[in-house]
Amino acid sequence: MSSTTEQTGYAGRPRQRDGFVGWITTTDHKKIGVMYFITVLVFFALGGIESGFIRWQLAQAEQNVLTEEIYNQFFTMHGITMVFLVVMPLSAAFFNYLIPLMIGARDVAFPRLNAFSYWVYLFGGIFLYSSFALGGAPNGSWVGYAPLSTDAVSNMAFYAVGLNILGVSSLAAAVNFIVTILNMRAPGMTFMRMPVFVWMALVTNFLLLFALPIIAVALFMLNVDAVFGGQFFEPATGGDPILYQHLFWLFGHPEVYIMILPAMGIISEILPVNSRKPLFGYAAVVFAGAAIGFIGFGVWAHHMFTSAIGPVARSAFALSTMFIAVPTGIKIFNWVFTMWGGKLRFNTPMLFSIGFVSMFTIGGLSGVTHAIVPHNAQQHDTYYVVAHFHYVLFGGALFGLIAGIYFWFPKVTGKMMDEKLGKWHFWTWLAGFNLTFGPMHMSGLLGQPRRTAVLPGELGSTVELYNLLSSLGFVVLFGSALVFLYNLIDSTRNGEASGDDPWDARTLEWITPSPTPFENFHVVPTITHRDEFWHRKYAEDEAGRAIPVPAGAAEDPDAGAEHDEHIHMPDPSYWPLVQTLGFFPFGYGLVYGNFLLIGLGLAWLVIGMYGWIIEPVAEGDDDEPDDAEQVAPTATAGAH
Amino acid sequence: MATDVATTTLGIDHRKLGMWTFLGSEFLFFGAFVSAYLLYLDTTAGGPGVEIFDIPFTSISSFVLLMSSLTMVLAHHAHTKGDLRRMRLWILATAGQGAVFLGGQVFEFNVFFREGLELSTSPFATSFYILTGFHGLHVFVGILLLGSLYVLSLTGKIKANQDVKTEMIGLYWHFVDIIWVVIFTVVYLIPEIAVLD
C-alpha cells in the first residue's frame, strides 16, 4: 500500500525533524537521549535543593528550619528524585545515545516506544512533584514501608502511583534496549566483541525487566491498601508488613545494581582509552557484571536483618551478601590493572573514573560490613548507612555518569568541555563529597538516627561537629555543581571544536563524525575485532607495540563505500506524547480513588495506542511492504 | 527499523523478541501476587476462606480458556497460509472464549461478594481479588488485542503476509492461559484439597 496519499488527515505524521515540533515528535535515539539528559539536570537541581534544606536543618542540633512534616517530605522526595528521576534516567540517557552507536545500529528496535519511555518518565516526574501542590508530597521515605505508608497521615499514594508510572517507562525501555542489543548488532559484532558498556547495559536492562514487576506489585498493593480499602499489609486483619519489605527489597537490591552497573560500564570504556591499553580481563569484567546480575537477586534480606526473618535467613543472606563482593572486587582489580603500566592521561573523564574506582571501593567496603549481622543490627537506620549508600551511589554511580558526560560531550556536540573548569569541578566535587558523607560514617557509629527531623542535642558535641562538616560539604558541592553547569552551558556554545575522535578512542561510536549525523552510519560497519575502531587505526609491530595504520583508514571509514543504499530512518510521531498524557488522569484517579478519572485515563491510553498503530508511515509501509515479494514470513517460520 | 527478519542478528523479528522479553517480566509480576496469595491463604479474619470456591464451575470456565489457545493456534496457522478469512474466524472464536471466561469470572466474583467476601474483608480476600482480577484484566487486554487484529485485518493494515502480528498476540494469549493454569492450580485446586484433608 502506498501511503503517501494518507499523509494528510487526522493521523498524518509530522515531517519536521527540527525545531520545537521536531523535538517533541522525535523518535531519534540521540535526541531522546539528550532530552533525558536535560530533564535529569532539572530533577537533579530539585533533588539537590531538597538535600540542601536537609543539611541546613541538621547543621546544628535542635534546629527547626523546617517543620517535621516538611522535613519528612523533603528527605523522601530527595531519595525518590535521586534514585528514580536522576540516576536511572541519566543511565537511560547514555543507553539511548550510545547503545545503537556502539553496536553499529541506526536506531533502537522500537523508536516510538523509546519516545514513549521518555514522555512517561517526564510526566511521571511531574506527577510526583505535583503532589507538593496537592496536599503534600510523599513523606514516608523512599522505601515506603507499610503500614506507615498506607496510613492516612502519609501522602504515600502519590509515591505508589508515581513510582509505578515511572516503572512503566523503565520497563518499556528495558524491553526496547534488550531487543536492540540482542537483535540489532552490526555484522560481526558478536557478544564478546561488544563494548563493556553495552554488556553492562544488557545486564542492567535484564535486571530492570525482572525487578520492576516485583516493585510494581508491591506498590500496587500499597495503592490498594491506602486508597481502595485493601488489607495486604493491615495487621488488624492479619496482614503482614514484612511481605512489603520482602517485595520492596527483592526489587530494591537489584535496583542498587541497576544504578551502579551503567556507571561501571562507562568507566570500563574511559579507563582503557585514557590508559592507552585494552581493558584488562575483558571477559572477567563481563562475566563479573553478569554474575552481579544473578547474585543481585539473592541478597535482598540484608536490608531486613532487624526484621523478624529468623536466624537461618539472616545467615544465608549474610553469606550471599559477602559473596556478591567477589565479582565487584574482580572488576575493581581489572580497572586497576588496566591503568597499571599504561600511558595515563589525566583529563577530566579519567579523573572522574579514578574517583569512581576509589570512592566506590570505600562504599563497597562499608557495604561488606553490613553483611555481618550483629554489625548490621548496630548500624541499622543510622547515618552510617546513609554514608555507605552515598559512597556507592554518589561516589560511585554519579561519579561514573559524570565521567561519561565529559567523555561523550564531544560526541554529542562536536565541542570539548573546558578542561580547566572540569578539573576545578572534579577536585571540588571530590572534596565536597568526602566532606559531606565522610563524617556521616562517624556520626552514624555514634548513634545518629536517619530520617529524624531534628538532630538530638543529647548525642553530644562531636556528632554536632560532624553534622556541621557535612553541611559545609553541601556548600562546596553546590558551588562545584554551579561550575559544572556553567561549563556545560558555556562549552555547548563556545567550546573548542573537538574533531571526530578527540580521545583517540577504541569503540565504534567514534567512527562516525562528531556530532553524530542523523543516520549514525552512512554504511553499517562490519566488525572484525573487539575495540574495532582502534584496530582500524592501529596495527601492531613485531614487539606488540601499536603503530598507526599509514593509509587514511582512520580518517574516513566510509571512503570508497557506495552510497547508493537508501537509508530508511524511523518517522517522527505525535502519538507517544499524546498517549502518555493519559497517565495524568489515570494516576490522579488511582491516588484519589476516582473511577471516572481512572476510566478516562485508560480510555485515553487505549485510544492513543490505536492512533499509534494506525498512523501511516512517511515512505512505503514500514513493516513488510506489500509489493516487495516477501521473504520475511518464511524466514520467520524458519526461526522457530 | 529494518523489520526484515533476515537482517536481525538473531534472525527473530524484533516485535516477537520484544513480546518474549515482556512476557518474561510478566511472569514475575504474577509470581509476586501468587506468593502474596499463598502467604494469606489462611488469613481470613473470620470471613470466608477457600471453601467458597466452586471448583466445578471454575473448571468449566478454565477449560474454555484453555481451548481458546487451540483456536489461537489455528488462527495463526491460517495466517501463515495467508488465509485471512479463516484467520478472522478463529480470532473471533478465541476472543469469544476469552469473553466467556471473563463472564464466568464476573459471575464468580458476584457470588463471592454476596457470600461476604469483599475486597476489604481480609488479606485473603484482597489477595484473591487482586490476583485473579489482574489475570482478568490481562484476558480483557487480550480480547482488545484480538478485536484490533480482527478489525485491522479488514482495513488492510494487517496483511496476509504479516503473520508475525498474529503470532505476537498469540504469544500473549498463550501466556495468559499458562498463567491461568498456575493460578487455577495454586489458588483453587491445591487449597481445596488441603481443606478436604
Arranged from highest to lowest average of other beta-carbon atoms within 10 Å per residue, in what order do the peptides A:248-255, B:135-142 appear?
A:248-255, B:135-142
Average beta-carbon neighbours from other chains, 10 Å sphere, peptide A:98-106:
1
Apply the Debye scattering formula to the stretch B:1-100, with a single equal point scatterer on each alpha-carbon and no solvent, then give log10 I(q)/I(0) at q = 0.10, 0.22 Å⁻¹.
-0.52, -1.18
Need one value for A:226-237: mean number of C-beta atoms belonging to other chains within 10 Å of its residues' C-beta atoms.
5
Can you compute the FRET efficiency between A:Trp56 and A:His375 using 1/(1 + (r/R0)^6), with r the Cβ-Cβ distance and R0 = 30 Å? Round to the nearest 0.05.
0.45
Under 5 Å, built H, 5+ apart or other chain: amide partners of A:Tyr538
A:Val549
re the stretch A:360-436: pairs of Cα atoms spaced beyond 17 Å account for a percent value of 55
Let me confirm one metric for peptide A:246-255, namely the mean number of other chain beta-carbon atoms within 10 Å of its residues' beta-carbons.
1
Taking every pair of Cα atoms in the stretch A:11-55, average 1/r, invert it to obtain the Kirkwood radius, and report Rg/Rh to two decimals.
1.25
Among B:Ala45, B:Ala36, B:Ala78, whose mean-square fluctuation peaks in a Gaussian network model of chain B (Cα, cutoff 10 Å)?
B:Ala45
How large is the charge dipole for chain A, taken about the Cα centre, if only the Cβ atoms of Lys, Arg (+1) and Asp, Glu (-1) carry charge, to the nearest 20 debye?
1740
Report, to the nearest 10°, how far helix B:123-155 tilts away from the longest principal axis of the Cα atoms in chain B, using its own Cα long axis and a range of 0 to 90°.
20
Asserting the computed 222 nm helical MRE of chain A (DSSP H runs at least 4 long, -39500 (n - 2.57) per run, divided by residue count, to nearest 500) equals -20500 deg cm²/dmol
With r as the distance between the Cβ atoms of A:Ile489 and A:His568 and R0 = 41 Å, compute the FRET efficiency 1/(1 + (r/R0)^6) and round to 0.05.
0.70
Cα-projected label distance for A:Ala313 with A:Ser461, points at 7 Å along beta-carbon direction, nm
4.5
Could you list which residues have their amide H under 5 Å from that of A:Lys415, counting only those 5 or more apart in sequence or on another chain, with H placed in the peptide plane?
A:Ser498
Which of B:Gly18, B:Gly49, B:Gly147 fluctuates most in a GNM of chain B (C-alpha springs under 10 Å)? That residue is B:Gly18
Whether the protein assembly as shown is rounded, prolate or oblate, judged on the alpha carbon gyration tensor where a/c under 1.5 counts as rounded:
oblate
Counting only complete DSSP H runs, which helices of chain A cover 30 Å or more along their long axis at the Cα atoms and score a mean Kyte-Doolittle of 0.5 or above?
A:29-58, A:156-183, A:196-227, A:241-275, A:311-339, A:348-369, A:461-494
For chain B, take the longest principal axis of its alpha carbons; what is the angle in degrees between that and the long axis of helix B:55-80, to the nearest 10 within 0 to 90?
10
Could you point to the residue in A:Ala481, A:Gly124, A:His303 farthest towards the positive end of the stretch A:28-557's charge dipole, with +1 and -1 charges on the Cβ of Lys/Arg and Asp/Glu respectively?
A:Ala481
For chain A, with all protein chains present and a 1.4 Å probe, just round the carbon and sulfur fraction of the accessible area to a whole percent.
69
So which chymotrypsin sites (Phe, Trp or Tyr not before Pro) in the stretch A:512-541 are both in a DSSP loop and have at most 15 other Cβ atoms within 10 Å of their Cβ?
A:Phe518
If the reach is capped at under 29 angstrom between alpha carbons, list the lysines near B:Lys81, excluding any in the same chain fewer than eight residues apart.
B:Lys16, B:Lys157, B:Lys159, B:Lys165
What does the extension gain come out to for B:Val111 and B:Ala194, with contour length at 0.36 nm per residue minus their alpha carbon separation?
27.6 nm
Residue-span extension gain [A:Ala431 to A:Phe478] - 0.36 nm each, minus C-alpha spacing
15.7 nm
What angle, in degrees between 0 and 90 and rounded to the nearest 10, separates the Cα long axis of helix B:163-183 from the longest principal axis of the Cα atoms of chain B?
10
Where trypsin sites (Lys or Arg not before Pro) fall in DSSP loop in the stretch A:306-350, at most 10 other Cβ within 10 Å:
A:Lys343
Might you tell me the accessible area per residue for chain A, computed with a 1.4 Å probe and given in Å²?
37
In nm², what is the average projected area of the convex hull enclosing the Cα atoms of chain B?
12.3
With a cap of 12 neighbouring Cβ atoms within 10 Å, and only residues DSSP puts in a loop, list the chymotrypsin sites (Phe, Trp or Tyr not before Pro) found in the stretch A:266-349.
A:Trp340, A:Phe346
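The values are calculated or read from the model by the stated rules, or taken from the named source; none is laboratory data. Small disclaimer: the values here were computed from a predicted structure and weren't measured. Using ideal geometry, Cβ is built from the backbone for each residue, glycine included, and neighbour counts are taken over all protein chains shown. Note: areas computed on protein heavy atoms with side chains; ligands, DNA, RNA excluded. Shrake-Rupley method; radii C 1.70, N 1.55, O 1.52, S 1.80 Å.
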